[in-house]
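Structure, as structure tokens:
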Amino acid sequence: MSDEPGKLTIERLDKEIQQLPALSEVVMEVLELIDKGNVEFPVLMKKISQDQALASRVLKVANSPFYGNACKIGSLKGAGVMLGIHTLRSIVTTVGIIGRFPAKSGGNFDRLKFWKHAIGTGVTAKVLARKIGFDQDTAFSAGLLHDVGKLVLDAHFPMDFYRVLARRDSEQCLLKDAELKELGFDHTIVGAKAAHHWKLPPLIHAAIHNHHNPEKHSTTPIVDLIHVADIICRGLEIGSGGDDLIPAINPASLNRLRLDWSEIMKCLPVIERENADANLLIEDIELPSPGLEEPDRMVS
Amino acid sequence: MKKIEQIKIENILPGMILGYDVKDIKGSKLMTEHTKLTENDITKLKRRDIMSVHIVRRIKLSPEQQLAHENDIRNRISKRFRQHNNVPDMEKLRKLLIEYRTGQCSDE
């Protein structure tokens, strides 16, 4: 990679990633409180309520069909009791990160399509996790955040990312290959550094870092889950992570997850249905008028 | 053939058909999929603060159009796999996705 002044290098990335804005003071404090363990609900809920936008979003998500509660959760305290600390942590993390990188349509990198792909991958990972008996909240969060490095590049290194997108277009290649050729590293490295900066849990960090190369971290199912979920989601044409290609699936991932093609086939309609419920995470943004929605989604 | 679109509630019109169940914030079902919406239904959804719903758009296709549509899906999916010609696992995945997506088209 060139040492051209101003060009993004791994050294500059290391330095500038430290300047990334925190998720929000309240989000970080809430996550720290939860991670300390033995956190008392009243203290936790008081902290969340200090950020009105976060509090209302947490309540909205907690009440959504996606979490499938039979009765209305009217308070943050109720959300904590009904959902449990683990799910609450997942909601706070996702709400915090989506709030940091709001969806916007258009441009060379379409964040609306990006978030649709991210949510689709999260839902796919959740459905597969249910199948293999892995924690569904962790799978959803990891899927949602697996490509967060692309957002960091788009938001904080726009000129460098512009060159990446131009190379993607000229070579008609995967975004990660364009990143490697243009920057010398890809979004998994950027995302892993951002995840470390934001103190995201180790499993989420591992999924962000290794989802294109699951062999590097095959000791936990989460990396294999996100690797497979990303590919299935691309195949179902749910949103777009920034290119229209499908990376090679690692057969060892399927073996480790003990999943075969017939089981994956059975999961596809479940994924599409649950994805419809999960889209509320980006429901505040503009939806198109009838007839202008993206690719054909035919359903039975 | 039918196609499902997520539509903001202010753009919903009587006669549109729900693609998925609509649930309220309690998680309980407000309306079931396949419901043909009336003016009253839409008012009810608005009162319940439903922001968007999934609507079915039915498209009548001739056999030729149906075939062309299925070919379009095949081509679109195959294009996504263009880096993996003759890789066995990718070929299995490509066929599975095509079977699933074209199966949806002919399901009516």
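The values are calculated or read from the model by the stated rules, or taken from the named source; none is laboratory data. Computed from a predicted model, the values in this text were never measured in an experiment. Every residue, glycine as well, gets a Cβ built from its backbone with ideal geometry; the counts of neighbours run over all protein chains shown.
Residue check: residue A:224 meets all listed conditions (1) crowded, with 22+ Cβ neighbours inside 10 Å; (2) part of a helix (DSSP H, G or I); (3) at pLDDT below 95 but one, namely (3). Of the helices (runs of 4 or more DSSP H) contained entirely in segment B:29-108, those carrying at least 2 residues that are of a type in the set (Ser, Thr, Tyr) and within 17 Å of the chain's Cα centre (by Cα) fall at B:88-105.
Quickly run through segment A:157-179 and pick out the residues that are of a type in the set (Ser, Thr, Tyr) and either under 13 Å from residue A:109 (Cα atoms) or buried (at least 24 other Cβ atoms within 10 Å of the Cβ) (or both). Hit for segment A:157-179 is A:162, nothing else. Within segment B:70-108, if we keep just the residues that are facing another protein chain (nearest Cβ under 8 Å), within 16 Å of residue B:4 (Cβ to Cβ) and surrounded by 13 or more Cβ atoms within 10 Å (Cβ to Cβ), the residue that is modelled with the lowest pLDDT turns out to be B:105. Checked against the criterion of being at pLDDT below 95, more than 16 Å from the chain's Cα centre (by Cα), buried (at least 18 other Cβ atoms within 10 Å of the Cβ) and over 17 Å from residue A:213 (Cβ atoms), segment A:143-156 has at least one qualifying residue.
Filtered by the rule that a residue be facing chain B (nearest Cβ under 9 Å), in a helix (DSSP H, G or I) and surrounded by 18 or more Cβ atoms within 10 Å (Cβ to Cβ), segment A:239-272 gives A:254, A:264, A:268, A:272.
This table checks each residue for (1) of a type in the set (Asp, Glu); (2) out of contact with any helix residue (DSSP H, G or I) (no Cβ under 6 Å at 6 or more places or on another chain); (3) surrounded by 15 or more Cβ atoms within 10 Å (Cβ to Cβ); (4) under 27 Å from residue A:237 (Cβ atoms).
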| site | (1), (2), (3), (4) |
| --- | --- |
| B:8 | no, yes, yes, yes |
| B:30 | no, yes, yes, no |
| B:36 | no, yes, no, no |
| B:39 | yes, yes, no, no |
| B:44 | no, yes, yes, no |
| B:54 | no, no, yes, yes |
| B:57 | no, yes, yes, yes |
| B:60 | no, yes, no, yes |
